[in-house]
Amino acid sequence: MRVICYQSGEGPNQLAAVTDEGMVYDLPFIDFISFMRTAEQNKKSCLAIVNEIMQDSLPIPEKMEDLTLKLPVRSYEVWAAGVTYSRSRDARNMEAKVTTNSYYDKVYDAKRPELFLKSTERRTIGPNTPVYIRSDSNWQIPEPELGLVIDSHGAIIGYTIGNDMSSRDIEGENPLYLPQAKVWKHSCSIGPAIRLAETVEDPYSFVITCRIFREGKKVFQDSASTALLKRKYEELVSYLIKDNVTFDGTILLTGTCIVPDDDFTLQDGDMVEIEIPGIGTLTNPVKAPLQENEQVKANLEEV
Ligand code: DO4
Ligand code: MG
């Protein structure tokens, strides 16, 4: 069972459940966070609440593919884990031009994982909205990652897809530049759905596929499994919530297991697709930094 948010006419976005058979049922909650809070207040699971609602209602005529999908949860914060797969460790060593006993080697093996604040509500976008590339970087990539949707106590409520857009030259120059290599406007995309955790048999067997298209041609494709993750999800969450304030609907991205070839950088007009069967396909066009006059217009539209 998945939960989506879609644009419904001119009105506010609509939350809905999607069954494994592809039927879509509207849910009577303003958003995913109020849905998960209702479940907690009623001491019921999210799946039990959805099943009760489906018993008393009919599916809408549209299928998920017919809908304009929006960000499935407006998280106050998106956090991310880094260097949780050997593929990421090796890529970081390459871009930093280090070979032995680097910080990346150490953090991969350390008891404490690398966690960083990736994004906030205003910086995070959903399906089909452009991810931006930075104006001060010449080496930028998508990082396709499984995302954990957690509640304020750290319980894993669902799984989603995230794109942790990253600048390899900025991080490679100096690891202290990490926040600038990771955080800017539209540098984090989430969606298209949240798979309820109760309906996932083995969360260490998700297969993640990333495809990048340029002028209609596929210029990159690779797949990897979450079975290769060095750590456990609960372990990552336990470090995130330790002595911290966490909010219902926080997302924790679990690190990338796919890195494009070293000579690849994203360009304006590219299209990034990240697919995880059972969750969906997160698609985002890539856009170059806004020109000054476009920026002023965009800021005005956002107010
Ligand atoms: O150390 C940098 C972060 C790496 C990262 O984002 C990842 O492994 O996914
Ligand atoms: Mg990452």
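The values are calculated or read from the model by the stated rules, or taken from the named source; none is laboratory data. All figures in this text were calculated on a predicted structure; none of them were measured in a lab. Positions of Cβ are backbone-derived with ideal geometry, glycine not excepted, and every protein chain shown enters the neighbour counts. All accessible areas refer to the heavy atoms of the entire protein, side chains included, with ligands and DNA or RNA removed. Shrake-Rupley method; radii C 1.70, N 1.55, O 1.52, S 1.80 Å.
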* Asked: Considering only DSSP beta bridges whose two residues both sit in the chain, what percent are antiparallel, to the nearest 5?
  -> 90
* Structure fact -> Percent of all Cα-Cα pairs per 5 Å bin for the stretch 77-291, counting from 0 up to the last occupied bin, reads 1, 7, 16, 21, 22, 17, 10, 4, 1, 0
* **Pairwise label distance in nanometres, Ser205 with Lys63, each label 7 Å out on the Cα-Cβ vector** => 2.6
* Asked: So what's the gap between the Cα centers of the stretch 1-35 and the stretch 45-98, to the nearest angstrom?
  -> 14
* Alpha-carbon centroids, the stretch 100-117 and the stretch 135-173: separation in whole Å -> 16
* trypsin sites (Lys or Arg not before Pro) restricted to DSSP loop in the stretch 74-122 with at most 11 other C-beta within 10 Å -> Lys97, Lys111
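Kindly provide the trypsin sites (Lys or Arg not before Pro) of the stretch 193-256 that DSSP labels as loop, not H, G, I, E or B, and whose Cβ sees at most 14 other Cβ atoms within 10 Å.
Working: sites: Arg195, Arg211, Arg214, Lys217, Lys218, Lys230, Arg231, Lys232, Lys242; in loops: Lys230, Arg231, Lys232, Lys242.
For trypsin sites (Lys or Arg not before Pro) across the stretch 193-256 that sit outside H, G, I, E and B with at most 14 neighbouring Cβ atoms in 10 Å, the list reads Lys232, Lys242.
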* **Whole-Hz ³J(HN,Hα) from phi, Karplus 6.51 cos²θ - 1.76 cosθ + 1.60, for the stretch 105-118, glycine and proline x** => 4, 5, 6, 5, 9, 5, 5, 7, x, 7, 10, 9, 7, 8
* Structure fact -> Under 5 Å from the placed amide H of Val219, counting only residues 5+ away or on other chains, we find Ile212, Phe213, Arg214
* Asked: How high is the FRET efficiency from Arg123 to Tyr177, r the C-beta distance, R0 22 Å, rounded to 0.05?
  -> 0.80
* Asked: In a GNM of the chain with a 10 Å cut-off on Cα contacts, which of Tyr76, Tyr85, Tyr177 has the highest mean-square fluctuation?
  -> Tyr177
* Asked: Are any of the pairs Lys118/Lys185; Lys111/Lys242; Lys182/Lys287; Lys185/Lys217; Lys118/Lys232; Lys185/Lys287 more than 18 Å apart by Cα-Cα distance, and if so, which?
  -> Lys185/Lys217; Lys118/Lys232
* With contacts defined as alpha carbon pairs under 8 Å and 6 or more residues apart, what's the relative contact order of the chain in percent? -> 22
* Structure fact -> In deg cm²/dmol, rounded to the nearest 500, the helical mean residue ellipticity at 222 nm of the chain, built from -39500 (n - 2.57) for every DSSP H run of length 4 or more, is -6500 deg cm²/dmol
* Structure fact -> Mean accessible area per residue over the chain (1.4 angstrom probe, all protein chains present, square angstrom) is 47
